[in-house]
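The values are calculated or read from the model by the stated rules, or taken from the named source; none is laboratory data. Quantities reported herein were computed from a predicted structural model and do not represent experimental measurements. Every residue, glycine as well, gets a Cβ built from its backbone with ideal geometry; the counts of neighbours run over all protein chains shown. For the accessible areas, the whole protein counts, side chains as well, though only heavy atoms, and no ligand, DNA or RNA atoms are used. Shrake-Rupley method; radii C 1.70, N 1.55, O 1.52, S 1.80 Å.
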Amino acid sequence: MLSSYALDSQVIQKELCTGCGACQGLCPYWGSSRGRTICYYDCERSDGRCQHFCPRMPTDLAALQKKAFPDETVLPELGPYRALYLARAADPEIRGGAQHGGAVSALVELALREGLIDGALLTRAKDTLDPAGVMVTDPDEVRRCSGSSFQIPPTLAVLNEALREDRLRRIGVVGTPCKTLAVCKMRYNPLPDNDNHAGNIRLVIGLFCGWGLDWDGLEALTKRSAPSGAGHVDIPPSKYHSIEFAPRGGGETVSVDLDEVLPLVRPACRACADMTAEFADLSVGGARSADGWETDKKWNQIIVRSKTGEELVALARSRGILEFKDVPDTALDKLKKASLGKKRTAVRTLRERCGGLGYLAPNEALLPLD
Amino acid sequence: MEWTMTLNEPGKVCLMQGNEAIVRGAVEAGINFAASYPGSPSSQILGMLGKIARERGFYAQWATNEVCALEACIGTSLANARSICIVKQNGLLCTADALHCGAQHGVKGGLVIVTSDDPSAHSSTNEFDSRFMAMSADLPMLEPTTMQEAKDMVPYAFELSEQYRQMVLLRLTTRVCHGRSNVTLGPLPEKPRALRKVDEWERLVCVSYRHTPMLETLDSLQEAFEACPYNHYSGPGQPKKLIVAGGTGRLYAEEALRRLGETDKVGLLSLASLWPLPEKLIVRYLQHAEDVLILEEVDPFLERNLQAIAGKNRFHIRFAGRGDGALPRIGELTPELVLAAVSSLVGKSLPKRAAAPREPLLERELNFCAGCPHRATFHLLRRALRHEKNPGVVIGDIGCYIMSSQEAGHYAYQACNCMGSGINLAEGLGQLTAYGLEQKVVTMCGDSTFYHSILPGLINARYHDSNMLLMVLDNSATAMTGFQPHPGTGITAMGDSVAPMEIRPICEAMGCKVAEADPFELEKTEALMTELLQEPGLKVLILRQPCATLKSKQQRTKPKVWVDQDKCLGDGCGCDKFCSRVWGCPGNSWDFTKNKAVIDPVSCVGCGVCAKLCPAGAIMVEGGEKA
């Protein structure tokens, strides 16, 4: 099947496209506009990096996982697992602009400063809107990319272009679960006759993700809720059932009922079974405390999945880049529960939309579903 | 060839194209005025007239459109001028109102309208049979078969026009326009006809009470056509089998009868006076006939009219022709088609001859020329529209860019009507965007079309602020018909330099929001296009880049474009022959031995756009004047 047709019929038409950008930046055929993946012209090749990298095209996920994480313990609910930490950036300035504890910005800055990586693929937004991928080589630039936009910009297009250039040889990637899966495919399942210099990817930091939102819908909502622009957008724990817009430069946070937001969820995200970015070296997300949201609001949970991830966290600890606190006994179970929740939604969606679970379904044998 | 147009050697035989013969005929008729808008197959006529106009003391004009041309001719007729107006079938349709009104008020100085039909629509969007216009407007129409007739009929038509104070239509078809044969020159008048001042009480006014006199004129013309020297008959005096032919059909029929050895047995009535039909002449040969074959292009015009005459006279005749399945319903007549129809009429056929083997021709779609700016425009439009949530609605128009409906323009548009219609189709759709149509509306026109018939539509769209984008593809030329001057070019048919009328200030004076860009500046222009699509209301985007054919005529040296095949990705992932397969310029070819791209140095004009598009940066551009 033609690559462009394969992606269109199996991913875009089925509303499975996450907009990650893995198919872009490789050729003149694919591009995107405001979160929508666009095929400009048909490519007549029957295989291609676009469909090879797409996180929603058929893949033996278990085999991929074995290739990428040969030694790890795999938790059925969370994927490869070495350790779980509760941490935050030691630098209060990083924390100030961060979504939660600023651990990702701190780790990426460290990796760049130490030369572990020479470029970091990050996302930069304008007041949480119009996010775009950037390849950052200056450690001081990293913190400008802090914070979540709740959209999925096609940042992997920027990665693909950087890999094609082959100028940066040690690239770190930060991205949502769909992106970490695509990057894992790039590294461990390259196209036989064109590896796209995927060996230049050295570090992958995944971000916990519930879903991304439609760009236009979110923009309209943001402009309504924070007319002067939102400095920060966050979603408190589910019992609050809201999304919060903090206006840029201070002022009262506006809380919007989540029911206004849910229709804006990208359909593809409903079919995604990965909340914790199971194909990353490190996965980082917000922390939830049994003592209430405020307690751990400014902390991160970090799942260490690989040796590379472990070494980076150890380095951060030894350099005092990250501050740690004890992980409550209940944390891992809470995380598993949340992860399973997303997997269940995915299973339901896939059944509805694709008439079956297909290759995207999580390992059912391991999951106490329905 | 132009010397034959003005050579004053009566009796000399010259080889002439049909279009040249018309020019020569006009010169022999001593015309004072000629006007036309270019259209194949008769585009060359006014071009040649323009070149000899000064020498022969008449005025020639490439008019902004056919209506301007015809109405100018009607105006000059008032001053007793002999005027010739040259249009193609679609142009004649454009003039419909002027033609019908003009028929009612008639003319003073002779006015001949040369109209060329394009059977099979070789260089048209559609076939049309302009004989129906003569019938509809109650105007006399003549049709030549040979180049000699084409020349001779022009002075003849002028004489009729003046005698009956009526416009005369002279119908040509593609083969008559473009064929060549010997023409014996007639004498040239010493000078064009003398003009006469317009008398205070002279009137050329279209009013309803002129209807009856007009019909009476037509009756007189019918009587005159009974003796029209260009109607011919050959064959038995009382033919049982009769062929009635007009135009090319006559020559094909003569050939078929000769080959079948039936010349003496079958009657052949060739009609040059197509409207009004010489009924008595027709009846004379029809009355004994049992089988009649009609040979004509395009529609069964003679066939239906002869059937009516037969019916009126209670003849029992089997008619065969385009309307009766003996010949295809559409398209040109060919000697083979006519031979088959005549064979079936006479009940005898030629022995079959094995056709000589022929190399099969490759199927090839129409394409933009190498380096054509339209290719870049439609590449950018495709990309810009893909950025939209919903697919856009694109409306085409008439010009080279009509080929954008095919692969050359990535199947750009959904609708295309006649010349100048794009703005109006889009205007309507643009209004619907306020009523639930969630699509961007785009239309286009060339520079020549802009002047020809976009202006009133643009005024309408601007006044009603239709939500749409008009792209004016300004390539500084009426390229499709052969680079005739238009009001933007600063030159006239007679070679005078005049002040060009710029498109931008015209649009701005209307109050349109106007942007201008170069389609070869890919990124910038795509961004501009995308931005304009987001803006509400009427937008005009002028895309300026001269026609590649025009430029390659002017440039002395062209840049050398070549492919670094070591860098070229060929059909590999990341390219898949983007330059030759998608971009599709004839200059971008494929090296089958190496499986890499290659530039065809003959086709390439050196525009260098493919070098900007090559995903591997493998196309190099060196030196030369940039095309």
Taking the condition of being open to solvent by 30 Å² or more (accessible area, probe 1.4 Å) and on the phi > 0 side of the Ramachandran plot, how many residues in the range B:601-627 meet it?
3
Failed condition for A:Cys272, given (1) outside any loop (DSSP other than H, G, I, E, B); (2) at pLDDT 90 or above, with all others met?
(1)
Would you list the strands (runs of 3 or more DSSP E) that sit entirely within the range B:208-318 and hold 1 or more residues that are farther than 27 Å from B:Gln166 by Cβ and open to solvent by 40 Å² or more (accessible area, probe 1.4 Å)?
B:232-234, B:241-245
Considering each of B:Cys418, B:Cys372 in turn, give the residue that is buried (at least 16 other Cβ atoms within 10 Å of the Cβ), out of contact with any strand residue (DSSP E or B) (no Cβ under 6 Å at 6 or more places or on another chain) and touching a residue at least 24 places away in the same chain (Cβ under 8 Å).
B:Cys372
Can you find, within the range B:576-600, the residue that is nearest to the other protein chains (Cβ to nearest Cβ) among those that are out of contact with any strand residue (DSSP E or B) (no Cβ under 8 Å at 6 or more places or on another chain) and surrounded by fewer than 16 Cβ atoms within 10 Å (Cβ to Cβ)?
B:Asn595
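Here is a yes/no grid of residues against (1) open to solvent by 10 Å² or more (accessible area, probe 1.4 Å); (2) touching a residue at least 60 places away in the same chain (Cβ under 8 Å); (3) over 25 Å from B:Glu296 (Cβ atoms); (4) not assigned by TED's automatic domain parsing to the domain that holds B:Arg193:
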residue	(1), (2), (3), (4)
B:Gly57	yes, yes, yes, no
B:Ala60	no, yes, yes, no
B:Ser83	no, no, yes, no
B:Gln89	no, no, no, no
B:Asp97	yes, no, yes, no
B:Cys101	yes, yes, yes, no
B:Phe128	yes, yes, no, no
B:Ser136	yes, no, no, no
Does the range B:348-365 contain at least one residue that is open to solvent by 80 Å² or more (accessible area, probe 1.4 Å) and within 30 Å of B:Arg544 (Cα to Cα)?
yes
Flagged in the range B:538-572 as outside the structural domain of B:Met468 (by TED's automatic domain parsing), open to solvent by 80 Å² or more (accessible area, probe 1.4 Å) and in contact with a strand residue (DSSP E or B) (Cβ under 7 Å, 6 or more places away or on another chain), in numbering order, are B:Lys560, B:Trp562
On the given criteria, is A:Ser255 open to solvent by less than 60 Å² (accessible area, probe 1.4 Å), out of contact with any Lys or Arg (no Cβ under 6 Å at 6 or more places or on another chain) and either of a type in the set (Gly, Ala, Ser) or closer than 22 Å to A:Leu213 by Cα (or both)?
no
Looking only at residues that are outside any loop (DSSP other than H, G, I, E, B) and of a type in the set (Asp, Glu) in the range B:145-190, which one is surrounded by the most Cβ atoms within 10 Å (Cβ to Cβ)?
B:Glu149
The correct count of residues that are touching a strand residue (DSSP E or B) at 6+ places or on another chain (Cβ under 8 Å) and buried (at least 22 other Cβ atoms within 10 Å of the Cβ) in the range B:1-16 is 1
Any idea which residue in the range A:12-67 is most open to solvent (accessible area, probe 1.4 Å), counting only those that are in a loop (DSSP other than H, G, I, E, B), more than 22 Å from A:Asp214 (Cα to Cα) and away from chain B (no Cβ under 12 Å)?
A:Asp60
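Per-residue answers, yes or no, for (1) in contact with a Lys or Arg (Cβ under 8 Å, 6 or more places away or on another chain); (2) not assigned by TED's automatic domain parsing to the domain that holds B:Ile459:
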| position | (1), (2) |
| --- | --- |
| B:Ala355 | no, yes |
| B:Glu363 | no, yes |
| B:Leu385 | yes, no |
| B:Pro391 | no, no |
| B:Asp397 | no, no |
| B:Tyr411 | no, no |
| B:Ser421 | no, no |
| B:Glu427 | no, no |
Please determine, by comparing only the residues of the range B:451-474 that are open to solvent by 10 Å² or more (accessible area, probe 1.4 Å) and outside any helix (DSSP H, G or I), which one is nearest to B:Gly495 (Cα to Cα).
B:Asp474
Report whether or not B:Glu535 is under 20 Å from B:Asn588 (Cβ atoms), in the same structural domain as B:Met471 (by TED's automatic domain parsing) and not aromatic (Phe, Trp, Tyr).
no
